[in-house]
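Structure record follows, encoded as structure tokens.
The values are calculated or read from the model by the stated rules, or taken from the named source; none is laboratory data. A quick note: this is a predicted structure, and the numbers were derived from the prediction, not measured. For neighbour counting, all protein chains shown are included, and Cβ atoms are generated from backbone atoms with ideal geometry for every residue, glycine included.
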Amino acid sequence: MSIINFIEKFKKLNRTLFTTPSHGQGDFVAPLSLKLLGHKFFTCDYSEIEGFDNLASPIGIIKSAQDKAAEIYDAKATFFLINGASSGIVASMFAILKRGDKVLISRNCHKSVYNGLVFSGAVPIWLMPQYNRDWGIFEGINIDYLEEMLAKNRDIKAFIMTNPTYEGVMSDIYQISNICKKYNVILIVDEAHGALWNFHKALGTPALFQGADIVIQSLHKTAGALNPSALLHIGKNSPLGTKAIQQALNLINTTSPSYPLLVNIEATIDYLNSEKGKLYLYELVKNINRLIRSLKAIPNLEVYSYNNDITKILVKVTNMSGYELSDILYEKYGIEDEMANEKSVLFLTGLGTTKLKLKKLEKAMIDICANNIKISEDKPPKHYEPVEPRIKYTPAMVWGREYKEVDLKYALSRVSMELIADYPPGVPILLPGEVIRKEHLDYISDRQKIKVLV
């Protein structure tokens, strides 16, 4: 029985509960919460009472829902994540890596990988994808470079990468997986932004179908679910088992998981897998493609369209920084983008992206380019080209150690005790345990101080 059906039947039993949560399935709701959320949201919020299931050790309705999801995604096992894709990344690392194990990490991974390094005590080895200066983004993983890194470091236990990238750039996971298998390396793919790929072939090929061992997806990013709904999959042919992942998740998850989130995860997957859902997604993709064709026809406007997921629309305008374009869209047209950098602007689309929204964006971009609309920038846009981290100490080694704040002018060549990242996309610029370089200081020059190791 599904989680949703079970709750609907349970409500009809009209049981009197002296249990958590204390709102009593909506018998009390703070007035402002009631005004914003409504009453029904609270009526499906339960704890692990008789007949329900436990996310930490599922044997009933949660297990059934996860097993059904695994069939849909063609995975060995699927775990529902109620603490976002970040929890899946951390749990994967904690389950697989032990203190001192070497892990290869793509430089454009999400900052949650840092949390996984603290938990596991693993030693990071950094792989630097090529940086595209024209767009201000990382490109995909270079296959030859990856093999070179693994051949040089035969004791690497796992490789962690992001696919697609925050901007939608895709790598060849099939080849990457084969190389990892050749060197007996576990492949963990942060596929947070690829949650729709299983349901529309034109968007991208899921890493699960290409040999990845662990894949983490965010249902809230493009698939229309509530924050922070996500999934962790184990590849069907992976040698990994489920026990270690479950134990790791139990260490970082709350002991009071949200049933509204679990219901939303289940409902989202069922909808995406339905004929109605697939037709809806087909229409969305058609509308996005129509917008992209229209944008490409606008003079002085470029759309990034090389090996990328089209649900991430990356654009740039001639003689205009991404920051300036972002400000114009926000201040003059009421449009908020997902992210801007020195060169480009990213528009994130998903199941909630209507034709009306796409049309509004199209009209705004036509107007901006046709009328050469400008706005004064408070200061010149900051430029930062990522540099390969010089790790003096691993994140686990410096966790909890004494630090002091110093003026930036005294920080060069010191060891950082701060994680500094632009958010979005959440890719670290500087990590705790990393040597501070001139490039870092130039980029964060608007700050006065930085925390360094004593």
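Of all residues in the range 95-115, those that are under 17 Å from R390 (Cα atoms) have Cβ atoms under 7 Å from Cβ atoms of residues that are aromatic (F, W, Y), 6 or more apart or on another chain, in L104/F159; I105/W126; R107/W126; N108/F138. The set of residues from the range 117-137 being hydroxyl-bearing (S, T, Y) and part of a strand (DSSP E or B) comprises just one member, Y131.
Quick grid of which residues meet (1) modelled with pLDDT of 95 or more; (2) assigned by TED's automatic domain parsing to the domain that holds A297; (3) farther than 29 Å from R133 by Cβ:
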{"residue": "Y330", "(1), (2), (3)": "yes, yes, no"}
{"residue": "E342", "(1), (2), (3)": "no, yes, no"}
{"residue": "T349", "(1), (2), (3)": "yes, yes, no"}
{"residue": "K357", "(1), (2), (3)": "yes, yes, yes"}
{"residue": "Y384", "(1), (2), (3)": "no, no, no"}
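Screening R15 against (1) part of a loop (DSSP other than H, G, I, E, B); (2) closer than 22 Å to Y271 by Cβ; (3) basic (K, R) leaves a single unmet condition, (2). Residues that are among the polar types (S, T, N, Q), touching a Leu at 6+ places or on another chain (Cβ under 9 Å), under 14 Å from F94 (Cα atoms) and modelled with pLDDT of 95 or more within the range 222-274 comprise just one, N250.
Looking across the range 241-259 at every residue that is over 21 Å from the mean Cα position of the chain (by Cα) and touching a residue at least 24 places away in the same chain (Cβ under 8 Å), the one that is surrounded by the fewest Cβ atoms within 10 Å (Cβ to Cβ) is identified as T255. Looking only at the range 150-175, residues that are touching a residue at least 60 places away in the same chain (Cβ under 8 Å) and small (G, A, S) come to 2 in all. Among the residues of the range 96-123, those identified as surrounded by fewer than 23 Cβ atoms within 10 Å (Cβ to Cβ) and more than 17 Å from the chain's Cα centre (by Cα) are K98, R99, G100, D101, K102, L104, V118, F119, G121, V123. Scanning the range 141-161 for residues that are closer than 22 Å to Y114 by Cβ and in a loop (DSSP other than H, G, I, E, B) returns I141, N153, D155.
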